[in-house]
Amino acid sequence: MKARSCLAIVLAAGEGTRMRSARPKVLHAIAGRSLLGHVLDAVGKTNVTATAVVIGPGQNEVAAAVKHIVPEAAVFVQQERRGTAHAVLAAKSAIEQRPDDILVLYGDTPLIRPATLSHLRAPLANDADIAVLGFQAADPTGYGRLIMKGTDLIAIREEVDASASERAITLCNGGIMALAGKTAVAILERIDNGNRKGEYYLTDAVEIARSMRLRAVAVEVEEDEVRGINTKAQLAEAEAVAQQRLRHSALEAGVTLVAPDTVYLSADTKFGRDVVVEPYVVFGEKVTVEDGAVIRSFSHLAGAHIGKGASVGPFARLRPGTQLGEGSRIGNFVEVKEAVIEAGAKANHLSYIGDAFVGANANVGAGTITCNYDGSDKHRTEIGKDAFIGSNSALVAPVKIGDGAYVGSGSVITQDVPADALALARGRQTVKEGWASRLRGLKSLGKKKAHSRD
Ligand code: UD1
Ligand code: CA
């Protein structure tokens with residue numbers, strides 16, 4: 001059987017005033033990915049054939065985000081916020097392409113799973129023209145109520161328009177809906193705004209479909225999946241749910257999370273086999289950890305690739321552009337940025353390695369700093385393989401340390417060091433015999449004089 005085509009319409013025209021933020025609501029993030037990004041990701045994983053996003057006027061940032069995430073998506077502007085059905089019709093030209101199925105989602109409901117979207121579409125392949133995602137609400141306040149008759153959904157009643165007995169219903173509208181493409185325009189265009197709020201309610205589609213002798217059904221999911229986000233508190237709750245899911249799938253994939261609840265992951269964090277993550281580690285966006293690597297406590301990683309068997313932390317900071325080779329070691333209080341650390345190389349203590357290349361098996365001693373920034377530009381440091389950088393050295397970039405070279409500790413290196421050479425660049429040590437005891441003698445004399453004056 002030929003796969004059914006599907007248009008996904010994501011409604012994102014809301015202003016999100018309750019977030020109290022200059023940023024558009026759907027661009028707030030959980031697990032390192034925008035709310036809209038989560039929705040578009042779920043949509044992408046259900047093999048839709050076209051995606052449309054409805055934004056509000058002037059929401060250029062949202063449009064740009066859509067184009068970045070799904071370049072082929074169509075962006076429609078809903079000029080006035082006149083209700084969810086009005087918003088869907090902003091994408092009318094896409095609907096008129098007559099996809100088999102249409103999915104309507106909200107940009108602020110990021111926890112929806114791809115499999116649920118497939119379940120929701122399934123009734124359309126049988127005899128239903130509308131399928132609505134419902135959930136048993138712990139607190140139904142504010143939600144539309146699903147009015148059922150057997151397995152048929154006969155109406156959705158918005159809370160403001162509901163009677164007392166309808167309000168007692170706890171099966172609520174999660175907001176996500178699937179509509180058959182062949183009847184959608186006819187249904188949507190019959191929706192009017194004769195209700196308390198004077199809005200065009202998408203939820204009215206159910207009663208209209210029935211009046212057209214079409215069938216509507218409800219598909220039930222857990223409340224978590226249809227959690228909408230309006231406030232920062234709800235954003236934090238959704239973050240907690242997303243983290244639980246990510247930890248769970250990491251554990252399922254064989255990652256050892258010693259204390260899962262203390263590890264923060266991003267939606268795109270990737271792990272190989274036999275990775276160990278100690279307690280209290282934060283994975284920002286774009287981190288890949290290969291087989292057998294160990295990420296020790298209190299480390300913060302973002303934009304980093306960790307090679308096989310590498311060791312990171314405790315207390316390491318890996319910033320974007322970090323690439324750690326197989327078996328390399330980045331120890332405590334070491335910060336790495338835009339740097340390739342080749343296989344077997346080590347920087348075990350208290351260093352900054354930025355805009356750098358560290359060759360295989362090189363040893364970067366404690367307190368080594370690549371001085372990569374001159375106040376206006378960034379410069380590169382290259383450390384050859386098997387090189388040894390003595391502790392507390394400053395490598396003033398641009399500079400190259402040749403393969404196998406030694407840098408004496410405490411050096412300030414401003415010129416390239418040839419392979420296998422020793423470079424020492426520090427003040428000579430001078431020794432003054434007896435100097436300290438003479439100083440102490442002078443001090444105690446001074447104190448006695450002060451006493452005698454009392
Ligand atoms: C809606 C449903 C309600 C359901 C609830 C689930 C309607 C009429 N009601 O109510 O049954 O229980 O969601 O959370 O559909 N939007 C636009 N343009 C508009 C209006 C809304 O883009 O003109 C977008 C919003 O940005 C939001 C979504 O549609 O992402 C839902 O709108 P909202 O006003 O939050 O609907 P609710 O009143 O919560
Ligand atoms: Ca809402």
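The values are calculated or read from the model by the stated rules, or taken from the named source; none is laboratory data. Bear in mind that the values here come from a model prediction, so they are computed numbers and not experimental data. A quick note on method: Cβ atoms are made from the backbone with ideal geometry, for glycine too, and the neighbour counts reach across all protein chains shown.
Is there a residue in segment 200-212 that is in a helix (DSSP H, G or I), modelled with pLDDT of 95 or more and of a type in the set (Asp, Glu)? Yes, that holds for at least one residue. Which ones in segment 351-374 are over 18 Å from Gln415 (Cα atoms) and within 31 Å of the chain's Cα centre (by Cα)? Once the filter is applied, which keeps residues that are over 18 Å from Gln415 (Cα atoms) and within 31 Å of the chain's Cα centre (by Cα), segment 351-374 yields Ser351, Tyr352. Residue selection: Ala63 fails the criterion of being modelled with pLDDT of 95 or more, assigned to a strand (DSSP E or B) and either within 15 Å of ligand 1 (Cβ to nearest atom) or aromatic (Phe, Trp, Tyr) (or both).
Screening segment 22-33 for residues that are touching a residue at least 60 places away in the same chain (Cβ under 8 Å) and of a type outside the set (A, V, I, L, M, F, W, C) and picking the one that is farthest from ligand 1 (Cβ to nearest atom) gives Gly32. Please go through segment 303-349 and give me each residue that is out of contact with any Ser or Thr (no Cβ under 9 Å at 6 or more places or on another chain) and part of a loop (DSSP other than H, G, I, E, B), ordered by number. Across segment 303-349, the qualifying residues are Lys308, Arg319, Pro320, Gly321, Gly325, Glu326.
Conditions (1) more than 16 Å from ligand 2 (Cβ to nearest atom); (2) surrounded by 14 or more Cβ atoms within 10 Å (Cβ to Cβ); (3) basic (Lys, Arg), marked per residue:
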| site | (1), (2), (3) |
| --- | --- |
| Leu202 | no, yes, no |
| Ala205 | yes, yes, no |
| Ala218 | yes, yes, no |
| Glu225 | no, yes, no |
| Gly228 | no, yes, no |
| Leu235 | no, yes, no |
| Glu239 | yes, yes, no |
| Arg245 | yes, yes, yes |
| Ala253 | yes, no, no |
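When the strands (runs of 3 or more DSSP E) confined to segment 372-428 are screened for residues that are free of Cβ contacts under 8 Å to residues at least 24 places away in the same chain and closer than 15 Å to Glu342 by Cβ, none reaches at least 3 such residues. Filtering segment 73-104 to residues that are touching a Leu at 6+ places or on another chain (Cβ under 7 Å) and either within 16 Å of ligand 2 (Cβ to nearest atom) or at pLDDT below 95 (or both) leaves Thr84, Ala85, Ala87, Val88, Val104.
Residues in segment 202-216 that are in contact (Cβ under 8 Å) with a residue 12 or more places away in the chain and away from ligand 1 (no atom under 16 Å from the Cβ): Arg210, Met212, Leu214, Arg215. Within segment 86-106, not a single residue is surrounded by 15 or more Cβ atoms within 10 Å (Cβ to Cβ), more than 16 Å from ligand 1 (Cβ to nearest atom), acidic (Asp, Glu) and part of a helix (DSSP H, G or I). Looking for something assigned to a loop (DSSP other than H, G, I, E, B) and away from ligand 1 (no atom under 13 Å from the Cβ) - is there at least one such residue anywhere in segment 227-246? No, segment 227-246 has no match at all. When each of Leu188, Leu257, Leu265 is tested for being among the aliphatic types (A, V, I, L, M) and within 16 Å of ligand 1 (Cβ to nearest atom), the lone residue that passes is Leu188. Among residues of segment 247-263 being assigned to a strand (DSSP E or B) and in contact with a Leu (Cβ under 9 Å, 6 or more places away or on another chain), the one that is farthest from Gly303 (Cα to Cα) is Leu257. Do any residues in segment 68-95 that are of a type in the set (S, T, N, Q) have Cβ atoms under 7 Å from those of residues that are assigned to a loop (DSSP other than H, G, I, E, B), where the two are at least six apart or on different chains, and which pairs are they? Pairs found: Gln78/Ala13; Gln78/Gly56; Gln78/Ala90; Gln79/Pro57; Thr84/Tyr201. Looking at segment 206-232, which of its residues are in contact with a Leu (Cβ under 9 Å, 6 or more places away or on another chain) and over 28 Å from Ser34 (Cβ atoms)? Selection gives Val206, Ile208, Ala209, Arg210, Arg215, Ala216, Val217, Ala218. All conditions but one from (1) more than 18 Å from Gly344 (Cα to Cα); (2) of a type in the set (D, E, K, R); (3) under 21 Å from the mean Cα position of the chain (by Cα) apply to Glu290; the one that does not is (1).
Residue count for segment 1-35, restricted to those that are surrounded by 22 or more Cβ atoms within 10 Å (Cβ to Cβ), more than 11 Å from the chain's Cα centre (by Cα) and not in a loop (DSSP other than H, G, I, E, B): 9.
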